[in-house]
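> Pasting a structure below so you can have a look.
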C-alpha cells in the first residue's frame, strides 16, 4: 500500500530552528469517523472524488478501483485491466472531475502471474532491486475514468525494463508520474509526463544503482519537482549519509536542472510526500531513532520552516498546511499528547509554519495510509488496522 516507507530529509534543515509555537499550547481534538471498510485486502491508496471516495489497488494479479459514498455504501467496483496482469499504485483527480489511476501492466498476456504487492519493497535499503518487479509489468499504465462514469480508458507507455509507479501529480495541462525501474545494476528513479489525451513523452531516468522517486509536484513554470531517496552519486554529488534524501528539479524539456540532497552522515532519509505548494514530508532514521519531518519549501527549494516528530511509518502532506503521520512521542506544542503506543495524528499549520491545530485518530489504528480532500468532503484521513480501513474527517 501506498505508502512506501522510504527514508530521507534534507540535512541543511538541521541548521534551521523549528518555528516557534503560539504561547498557549494546542489541545488535540478527535477526528470524526466517516466510515469503515471491512475489506482492505490489496488497497494501495484512497482518493476523494467529489462526494465519493475511491480505493484502488491490486488483488491477485489484477488492478481494481472501488467507489463508495460517505456512508460506506458501494457505488461501483471495477477491474481496471481485466485482460492482463497489472498493478495500480497512484491516483489523482483533474479539474473537471476525471479520475486518473496509474500503475503498471503487461501488454502481453502472462503465462504466470506476477507477484503483486501494494507497496514498494525494500524501503529500508534502496540498493537492492524491489521484488515487486515482474518481467511482465514493463508498461506504464494510466487509466482515465471520465467524470460520472465507471468505465476506465487505458493509456500505456512501454519501457525497456519492469516499472513501479509510486506517485502522480496533475494539473490542467498534464500529468507527471514518478517511480523506479529495474536496471542491470539495481534500480533507477524515473520521471515521465503525459498530456490529458494520454500521450506520453520519454521517461527520464535518474541514477543507475540505488535511486527511488516517491513523490512529485508539477510547478507553475512547466518544471517538475521529484523527490525521493538515493544511495549513489547523482550529477557528481556523492552520497554523504547511508541513504540521502533528494529533491530534483526537472525542466519542461525533460532534463535535470538541479539536485538537492541531504548531507548528514549515518542517516537514512527520504522525501516521500510532496504537495503542489512544496510542503514535503519524509522519514529520518538515525541509528534507532525514527522521525517524521515536514518542511515547507520555496520555489527555489529554500526551506521556510520545518518540524521533526517521533514517529513510525509514512507521513503524508496536503496543501500548504497539513501533515498526517503516526506519532510515537509527546509534541511540545500540544497540551494533551503523550501517546502510550503509536497513534495517528493530523497537524495543521498557518502560513508562517506555526502549529495551529491537532486532530487524532483512535490508538487502535495501526497505520496511516492516506491524506486526501475534496470540496464536498473536506480533508479526509485514512488509517488501517488488522481488519479494516477507516476514513476520518477533520470537520
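> Is it true that some residue in the range 223-238 is over 17 Å from residue 181 (Cα atoms) and within 15 Å of the chain's Cα centre (by Cα)?
yes
> I would also like to ask the following. Among the numbered criteria (1) under 29 Å from residue 195 (Cα atoms); (2) surrounded by fewer than 17 Cβ atoms within 10 Å (Cβ to Cβ); (3) modelled with pLDDT of 95 or more, which single criterion is violated by residue 299?
(3)
> Can you run down the residue pairs with Cβ atoms below 8 Å, 6 or more apart or on separate chains, where the first is in the range 138-159 and at pLDDT below 95 and the partner is surrounded by fewer than 17 Cβ atoms within 10 Å (Cβ to Cβ) and assigned to a strand (DSSP E or B)?
138/158
> Also, quick follow-up: Sort out which residues of the range 173-204 are touching a residue at least 24 places away in the same chain (Cβ under 8 Å), part of a loop (DSSP other than H, G, I, E, B) and farther than 19 Å from residue 90 by Cα, and write them in order of number.
183, 185, 186, 202
> Check 306, 372 and return the single one that is in contact (Cβ under 8 Å) with a residue 60 or more places away in the chain, in contact with a helix residue (DSSP H, G or I) (Cβ under 9 Å, 6 or more places away or on another chain) and not in a loop (DSSP other than H, G, I, E, B).
306
> Can you confirm whether the range 334-341 contains a residue that is surrounded by fewer than 22 Cβ atoms within 10 Å (Cβ to Cβ), touching a strand residue (DSSP E or B) at 6+ places or on another chain (Cβ under 7 Å) and outside any loop (DSSP other than H, G, I, E, B)?
There is at least one residue in the range 334-341 that is surrounded by fewer than 22 Cβ atoms within 10 Å (Cβ to Cβ), touching a strand residue (DSSP E or B) at 6+ places or on another chain (Cβ under 7 Å) and outside any loop (DSSP other than H, G, I, E, B).
> Right, next: Within the range 362-371, work out how many residues are in contact with a strand residue (DSSP E or B) (Cβ under 6 Å, 6 or more places away or on another chain) and surrounded by fewer than 22 Cβ atoms within 10 Å (Cβ to Cβ).
2
> In this structure, does residue 184 turn out to be more than 19 Å from residue 255 (Cα to Cα) and over 20 Å from the mean Cα position of the chain (by Cα)?
Against the criterion (more than 19 Å from residue 255 (Cα to Cα) and over 20 Å from the mean Cα position of the chain (by Cα)), residue 184 qualifies.
> Go through the range 132-172 and give me each residue that's closer than 17 Å to residue 106 by Cβ and in a loop (DSSP other than H, G, I, E, B).
Once the filter is applied, which keeps residues that are closer than 17 Å to residue 106 by Cβ and in a loop (DSSP other than H, G, I, E, B), the range 132-172 yields 132, 133, 134, 135, 136, 137, 138, 152, 159, 160, 161, 162.
> Taking the conditions exactly as written (within 19 Å of the chain's Cα centre (by Cα) and closer than 16 Å to residue 31 by Cα), does residue 336 satisfy them or not?
So residue 336 fails the test.
> Would you check which residues across the range 60-82 are under 20 Å from residue 166 (Cβ atoms) and within 20 Å of the chain's Cα centre (by Cα) and list them?
63, 64, 65 - these are the residues of the range 60-82 that are under 20 Å from residue 166 (Cβ atoms) and within 20 Å of the chain's Cα centre (by Cα).
The values are calculated or read from the model by the stated rules, or taken from the named source; none is laboratory data. No experiment lies behind these values; they were computed from the predicted model shown. Positions of Cβ are generated from backbone atoms using ideal geometry, with glycine treated the same way; all protein chains shown enter the neighbour counts.
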